[in-house]
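A.B. asks: I'd like to ask you about the structure that follows.
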Amino acid sequence: MKKQTIIVTGASSGIGKEIAHHFLANGDNVVINSSTAEKLEQVYQELGAGENLAMVAGNVSDKSTGGKLLATAIEKFGSVDVLVNNAGIFETKPFLEVDEAYLDSFLNTNLKGTFFTTQAVIPQMRKQHDGVVINIGTPLVNHALGGVPSTAPMTSKGAIHALTLQLAAEFGKDNIRVNTIAPGTIRTPMHGGKADQSAGLHLLNRVGEVEDIAEMVYTVAKSNFISGAIINVDGGIAAGHNLN
Ligand SMILES: NC(=O)c1ccc[n+]([C@@H]2O[C@H](COP(=O)([O-])OP(=O)(O)OC[C@H]3O[C@@H](n4cnc5c(N)ncnc54)[C@H](OP(=O)(O)O)[C@@H]3O)[C@@H](O)[C@H]2O)c1
């Protein structure tokens, strides 16, 4: 399989870290990012600090971070074949308590981070007449949960789903594929050790692991004809729920 260059945002933890590991293990070049330089440096070492790995610390909501990721990928590896917009945050707060700063924190990291990082790399993918953008969404944008007040993160993720379809339409003729993978509850530091409390939300009655998402990201990246798709890797959350 052709060696590719992958940019993964939010790769210092959880799903993003495993995505980086998966592509590296399969022989690709990877550029990792997260906003905390020390955390990123530690994961850079953990992933082997090899020739096929580079890192760029920076907040994805800052437009210049996408530019730095692109420049590093081109300088070190000569192309950008896959962008995985994985950096994201999640918290709960009742709707009536959400103020503008709180809402902005989700719109900035989740939506604008995905928007601007993609804007930075698409010109290069256009030049290559080849590229794949994979966003990370959630099936919960179409399956709301009472008792989990999450209007701020959900509206930011819903916008990512909409962005995915629009980008797939706008750049399909340039041979750029754009897709979203929507994970169910995945055991990551985001859940602070409490992921299993959500097991019952899934038809499989268990939560997912980071490998489940990394494998699907890899499959979509290496495929040839998947575009504009929202792909649930969610143990059945989107399909239904248990009454017990
Ligand atoms: N875990 C789940 O159950 C689940 C379910 C559905 C969707 N997701 C989505 O999957 C993605 C990864 O989640 P996770 O569970 O792996 O979370 P995680 O373990 O908390 O990792 C989040 C990563 O994003 C980085 N990050 C956060 N804000 C950033 C910013 N502004 N700029 C750059 N990097 C930033 C964090 O590093 P720094 O702190 O160093 O910035 C970290 O590397 C997120 O988009 C999340 O919404 C997760």
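A.B. asks: Considering (1) within 16 Å of the ligand (Cβ to nearest atom); (2) small (Gly, Ala, Ser); (3) crowded, with 16+ Cβ neighbours inside 10 Å, say which one Ala168 fails and leave the rest.
C.D. replies: (1)
A.B. asks: Being modelled with pLDDT of 95 or more and near the ligand (Cβ under 7 Å from one of its atoms), is that true of even one residue in the range 194-206?
C.D. replies: Yes, that holds for at least one residue.
A.B. asks: Name the residue, out of Ile186, Ile213, Ile176, Ile181, that is hydrophobic (A, V, I, L, M, F, W, C), in contact with a strand residue (DSSP E or B) (Cβ under 6 Å, 6 or more places away or on another chain) and more than 13 Å from the ligand (Cβ to nearest atom).
C.D. replies: After applying the criteria, what remains is Ile176.
A.B. asks: Continuing with this model, one more query. Please go through the range 11-40 and pick out each residue that is more than 15 Å from the ligand (Cβ to nearest atom) and in a helix (DSSP H, G or I).
C.D. replies: Hits for the range 11-40 are Phe23, Leu24, Ala25.
A.B. asks: Check Val8, Val43 and return the single one that is over 27 Å from Asp104 (Cα atoms), near the ligand (Cβ under 10 Å from one of its atoms) and modelled with pLDDT of 95 or more. Write out each step before concluding.
C.D. replies: Working: Val8 fails: over 27 Å from Asp104 (Cα atoms).
The conditions single out Val43.
A.B. asks: Can you go through Asn59, Asn86, Asn52 and tell me which one is at pLDDT 95 or above and either buried (at least 19 other Cβ atoms within 10 Å of the Cβ) or of a type in the set (Phe, Trp, Tyr) (or both)?
C.D. replies: Just a single option satisfies the conditions, and that option is Asn86.
A.B. asks: So, Val133, is that one β-branched (Val, Ile, Thr) and within 12 Å of the ligand (Cβ to nearest atom) or not?
C.D. replies: no
A.B. asks: Right, Val84: under 27 Å from Gly193 (Cα atoms) and assigned to a strand (DSSP E or B) or not?
C.D. replies: Yes.
A.B. asks: Name the residues in the range 203-222 that are over 18 Å from Lys17 (Cβ atoms) and in contact (Cβ under 8 Å) with a residue 24 or more places away in the chain, would you?
C.D. replies: Leu203, Leu204, Asn205, Arg206, Val220, Lys222
A.B. asks: If only one of Thr114, Thr118 is touching a residue at least 24 places away in the same chain (Cβ under 8 Å), near the ligand (Cβ under 10 Å from one of its atoms) and under 20 Å from the mean Cα position of the chain (by Cα), which one is it?
C.D. replies: Testing whether each residue is touching a residue at least 24 places away in the same chain (Cβ under 8 Å), near the ligand (Cβ under 10 Å from one of its atoms) and under 20 Å from the mean Cα position of the chain (by Cα) leaves just Thr114.
A.B. asks: So which residues in the range 122-156 are more than 19 Å from His241 (Cα to Cα), touching a residue at least 60 places away in the same chain (Cβ under 8 Å), assigned to a helix (DSSP H, G or I) and within 15 Å of the chain's Cα centre (by Cα), if there are any at all?
C.D. replies: Pro153
A.B. asks: Let me ask something additional. Taking the options Gly228, Gly200, Gly236, name whichever one is in a helix (DSSP H, G or I) and either on the phi < 0 side of the Ramachandran plot or in contact (Cβ under 8 Å) with a residue 12 or more places away in the chain (or both).
C.D. replies: Answer to the selection: Gly200.
A.B. asks: Restricting to the range 171-196, what's the tally of residues that are touching a residue at least 40 places away in the same chain (Cβ under 8 Å), out of contact with any Asp or Glu (no Cβ under 8 Å at 6 or more places or on another chain) and surrounded by fewer than 19 Cβ atoms within 10 Å (Cβ to Cβ)?
C.D. replies: 4
A.B. asks: Taking the conditions exactly as written (in contact with an Asp or Glu (Cβ under 9 Å, 6 or more places away or on another chain) and either modelled with pLDDT of 95 or more or not charged (D, E, K, R) (or both)), does Thr138 satisfy them or not?
C.D. replies: Criteria met by Thr138.
A.B. asks: Take the range 41-81 and flag every residue that is part of a helix (DSSP H, G or I) and without any contact (Cβ under 8 Å) to a residue 40 or more places away in the chain.
C.D. replies: Scanning the range 41-81 gives Glu41, Gln42, Val43, Tyr44, Gln45, Glu46, Ser64, Lys68, Ala71, Glu75.
The values are calculated or read from the model by the stated rules, or taken from the named source; none is laboratory data. From a predicted model like this one, the values you see are computed outputs, not experimental measurements. Cβ atoms come from the backbone with ideal geometry, glycine included; neighbour counts cover every protein chain shown.
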